[in-house]
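First the structure, in the form of structure tokens, and then the observations on it.
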Amino acid sequence: MSAIAGHGAAVHIERCGKTFPDGTQALAPASLDIVSGETLVLLGPSGCGKTTMLRIIAGLEQPDAGGRVLFDTNDMTPVPIEQRNVGMVFQSYALFPNMSVSDNIGYGLKIRGIDAKARAARIKEMVALTNIGGLEDRRIDQLSGGQRQRVALARAVAIRPRVLLLDEPLTALDASLRDRLRGELNRLLRSLGITTIYVTHDQAEAMELGDRIVVMRKGAIAQIGTPREIYFTPQSRFVAEFVGAANIVEGPVIGRRLMLTGGSLALQEAADIAAAVAMIRPETIRIVGQGDASLTGIIDSVSFIGDRLRLVVTGAAEKPLVVDAPNTIVAGIGDHVGLSVAPEAIRLLPRED
Amino acid sequence: MSHRTFVWICLLPLVVVTIAFFLLPIAQLVVVGATGPRGLSAYLAILTEPRYRATMINTVVLAAATTIATLVIATIAGLFLQRHRFPGRAVLIAMLTFPLAFPGVVVGFLIILLAGRQGLIGAISNAVSGEKIVFAYSIFGLFLGYLYFSIPRVILTIMAAVQKLDVGLEEAARSLGASPWAVQRDVVLPALGPAFVASGAIAFATAMGAFGTAFTLATNIDVLPMLIYTEFTLAANFSISAALSIGLGVIAWAILALARSFSGGAVAAAG
Amino acid sequence: MRDRLIFLGQLGFTLLVAAFLVVPVILSLSAGVTVNYFRGIQSGITLQWVRQVWELYAGEIFLSFVIAIATLVVTLVVGVPAAYALHVRGGKLSRVIEEIITLPLAIPGLAIALALLLTYGGFGSFRRSWLFILAGHVIFTMPFMVRSVMAVFASIDIKTLDEGAASLGASPWRRFRNVIVPNAMPGILAGSLMVVTLSLGEFNLTWMLHTPLTKTLPVGLADAYASMRLEVASAYTLIFFVMIVPLLVAMQMFADEGQKR
């Protein structure tokens, strides 16, 4: 499919920081290597610096002195965005209201001096790729949100960019449409094989689309890893809580046991920590008979979610534990239950106080 | 009292005032225009009578020139002021917008101070070349006067339009490879189109009907409002002046209505 | 480097435009307090021209304020309820009425003045009183008040507020006082500033409508420009600026405030 996508560059970010004229530091100097053809997701809450990082890669912001952006081995730092050959999809889509759908898709080609015939062929290709046949002559204000999103993507891909940059491309859509387009986008990005940098605050998007995820917080990189690594082995409480649901429990570790208010849990390795912090995902906690369990608690609430039951259990740890149980078990409020967690599902985190 | 009745009571005074002091008089104006010695043909005099026609053309050309010049000036300044942040910017904006509601008479006087017999430009040119340049009382003086009161209004409209412009549009164009000039040509200026139409129409209609400035500059510049005024007060030619005012009103209104149907926004002349 | 040059070019251009607008005002202000404008500021600074203007034109200035306040009162009493009615009523008739009252913005003041003269010129005592000028000013400024208030109504969903108050048992008149007017305040204030500013400076209509006994400030200005020495004309302009500029500044601040919200 490289005919459709063009060549994807490897992107190297070297010590890129960003301090705004008023002195606020939006991004602490950070380095990042993005493999050719990879989809890298920058994930974090608003104000974490992810958009700044994207804009530095795009060439819309200059990094502070000392920072460099390379595409393959070319230093792009002094190159303005219009010469970087990046395809960019904006959160607002930024479609030109004075042009039709096909003129929008063809604009970058026109700028490159590609003749009308070749342009029309490429536009046709993009229309087919993004599934917007029949809309070519529409004005932008006649399109739905989902259609705009596709046009924006078609316009960005049409120029065979070296790097595709997507800034919260699904945020402006409503939830059900977002889910559907996420799947489509995923297939499209995989088939294009183009180097893609994707900014979002939505962890589900990040999980589905990212080959790797960069979790960011307060202008710094908190963790880099595959979706699995980020989910199962978060390196900080922030990452644990930001990605997926997490119970954070605190207590001393003695030998191979984590001591909690309602008992203790077995760990993989022995340690001796006076006040440990650990993460347990709700779906890794199993409800077992009271007698078999080293940890017990009382069911405080039961919510039926459909595919599972969500229980809140008090008395086991200092704070109530959230437990995702199979929808077949019978549980009532006030029941005393035993809890069991596989040792590998308990992740000790560094203390952050 | 029902809500319906209350709403009608709220509306009634406006309806009465508007009928009494606007609709009735305008109707009377139309009647007077048609019942002079020329009869209905008075309404065509603006086109058939060479003197009136020449004045009419003069007025339209002057108003069009004012509009174009104002749009060019205000776009350059408005884009610049909205796109850059620098010390003194607020002061500069205040300087460019405070003459917003100066009456035409005052503007005329300011033009005299600038380019009249005792004006600044005359004094400077006199000192430099020994020749005193005076043009306040010519059609160019009137043009300057119209520029003076159009610029603040149009700058405000354009600045507001630039502010509403999605910066993403320009960034998107650049990401697709457009040079700064191409961005202006393909994205920024088209996006400002409605603002150009709206503020241009206001400038045009205002310049068509402006009377105070021409009155103060007070030479025999042939523009429609001056013609109406002299026909009415000096020649006591009521029906012709009525017919000409109707013509002037219709032109100004038509321009604004046309602009409004283009840009969809509220468009109004003033001053 | 090229960016720098473009920036400086635009800045220079903008400064030039600003100078075009500001320099004449400064000339006028300085001429108004100069002993002899022809000899320049070296001839000394004086308030004698200002005093002379005051002696000659205090009546005009006073009448302008009377008319401006009266115009404000009429546009408030007539315009604010009408804006409410036009907004809640909606529909075709409301749009037609709005369109008609907005016409004076498009039709030159000269035409409106002629129309008033041709209709009411024969009613001697009305023609001779300042109420004649008031009628013209009300017609000219009414659309600013009505539209300014309607803009606020459109932005705050006044209909729901009104219905909410009605559901609590408030009569239409009470609702108007307790809910509608307080919520329309920003629009009423902005409209009032506009009305007073426009009325104080109105010339096109007023010149046609005035009599020797009902001259307003701008009519006096035209008079001074035509017949007085430059210093007096400037001093008069200075007085006008002193009155009008605070209003313009207040209006601008209001507009900025509105944009921020």
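Quick notes on this one:
- Axis of helix A:101-111 versus longest Cα principal axis of chain A: the two differ by about 70°, to the nearest ten degrees.
- Between 0 and 90°, nearest 10: helix A:175-192 axis offset from chain A longest Cα axis: 60
- About the Cα centre, charge dipole magnitude for chain A (Lys/Arg +1, Asp/Glu -1 at Cβ), debye: 1040
- For the peptides A:155-162, B:139-146, residues were scored by their other Cβ atoms within 10 Å and the scores averaged per peptide; the highest-first order is A:155-162, B:139-146.
- Cβ-derived FRET efficiency at R0 22 Å, residue B:65 paired with residue B:131, nearest 0.05: 0.30
- Among C:46, C:198, C:63 - extreme Cα towards positive end, dipole of chain C, charges at beta-carbon: C:198
- Size-normalised alpha-carbon gyration radius of the stretch B:68-217, reference 2.2 N^0.38 Å: 1.25
- Cβ charges +1 (Lys, Arg) and -1 (Asp, Glu), total dipole of the protein assembly as shown, debye: 1660
- Neighbourhood net charge (13 Å Cβ-Cβ; Lys/Arg +1, Asp/Glu -1) for residue B:159: +3
- The GNM of chain B, with springs linking C-alpha atoms under 10 angstrom apart, assigns the highest mean-square fluctuation among B:71, B:24, B:114 to B:24.
- With θ taken as phi - 60° and the Karplus curve 6.51 cos²θ - 1.76 cosθ + 1.60 applied, the whole-hertz 3J(HN,Hα) list for the stretch C:36-45 is 9, 4, 5, 8, x, 5, 4, 5, x, 9 Hz, x standing for glycine and proline.
- Pairwise Cα inverse-distance average, inverted: Kirkwood Rh of chain B (Å): 21.3
- Helix-derived mean residue ellipticity, 222 nm - over the protein assembly as shown, DSSP H n ≥ 4, -39500 (n - 2.57), to 500: -18000 deg cm²/dmol
- Three-way shape label, the stretch A:200-353, alpha-carbon gyration tensor, a/c 1.5: oblate
- Longest segment of chain B lacking trypsin sites (Lys or Arg not before Pro) that sit in a DSSP loop with at most 15 other Cβ atoms within 10 Å: B:133-271
- Among the helices of chain B, those built from whole DSSP H runs whose Cα atoms reach 20 Å or more along their own axis and whose mean Kyte-Doolittle hydropathy is at least 0.5 are B:3-18, B:50-83, B:139-164, B:193-209, B:238-263.
- The alpha-carbon of residue A:50 sits under 23 angstrom from the alpha-carbons of these lysines, leaving out residues fewer than 8 places away in its chain: A:18, A:218.
- Among B:228, B:202, B:124, residue whose mean-square fluctuation peaks in a GNM of chain B (springs only between Cα atoms under 10 Å): B:124
- Per-residue shielding of A:78-84, expressed as the average number of other chain Cβ atoms within 10 Å of the residue Cβ, stands at 4.
- Sites count as exposed loop sites when they are GluC sites (Glu not before Pro), lie in a DSSP loop, and have at most 14 other Cβ atoms within 10 angstrom; the longest stretch of chain A without one is A:1-317.
- Label-point separation, residue C:177 to residue A:330 (7 Å along Cα→Cβ), nm: 6.8
- Nearest 10 degrees, 0 to 90: helix A:116-130 Cα axis against chain A principal axis: 20
- Farthest toward positive dipole pole in chain A [+1 Lys/Arg, -1 Asp/Glu at C-beta], among A:230, A:69, A:152: A:152
- Within the stretch C:50-260, the proportion of C-alpha pairs whose separation exceeds 23 Å stands at 53%.
- Positive-end ranking of B:87, B:56, B:189 along the dipole of the stretch B:49-263, with charges on Cβ about the Cα centre, is headed by B:87.
- Dipole magnitude of the stretch B:7-126, debye to nearest 20 (Cβ charges: Lys/Arg +1, Asp/Glu -1, about Cα centre): 280
- Most fluctuating residue given options A:106, A:338, A:44, as computed from a GNM of chain A linking Cα atoms under 10 Å: A:338
- Percent RCO, i.e. relative contact order, over chain C, from Cα pairs under 8 Å lying at least 6 residues apart: 31
- Peptide C:78-88, shielding by other chains (average Cβ, 10 Å cutoff): 5
- The fraction of all Cα pairs in the protein assembly as shown landing in successive 10 Å bins from 0 to the largest distance is 2, 10, 15, 16, 15, 14, 12, 7, 4, 3, 1, 0, given as whole percents.
- Principal axis extents of the C-alpha atoms in the stretch A:271-329 (largest first, rounded to whole Å): 40, 24, 18.
- Spacing of the modelled spin labels on residue A:141 and residue C:161, each 7 Å from Cα toward Cβ, amounts to 2.9 nm.
- When the convex hull of its Cα atoms is projected in every direction, mean area for the stretch A:71-230 (nm²): 10.6
- Pairwise label distance in nanometres, residue B:31 with residue C:245, each label 7 Å out on the Cα-Cβ vector: 4.9
- Here the average projected area of the convex hull drawn through the C-alpha atoms of the stretch B:128-250 stands at 11.7 nm².
- Counting only Cα atoms, the size of chain A along its three principal axes is 78, 47, 37 Å, in decreasing order.
- Average beta-carbon neighbours from other chains, 10 Å sphere, peptide B:164-171: 5
- For chain B, relative contact order (Cα pairs under 8 Å, six or more residues apart, normalised by length) works out to 27 percent.
Taken together, the values in this text are just the output of simple stated rules run on the coordinates, not laboratory data. Remember, it's a predicted structure, so these values are computed and weren't measured experimentally. Cβ sites come from the backbone with ideal geometry, for glycine too, and all protein chains shown count toward neighbours.
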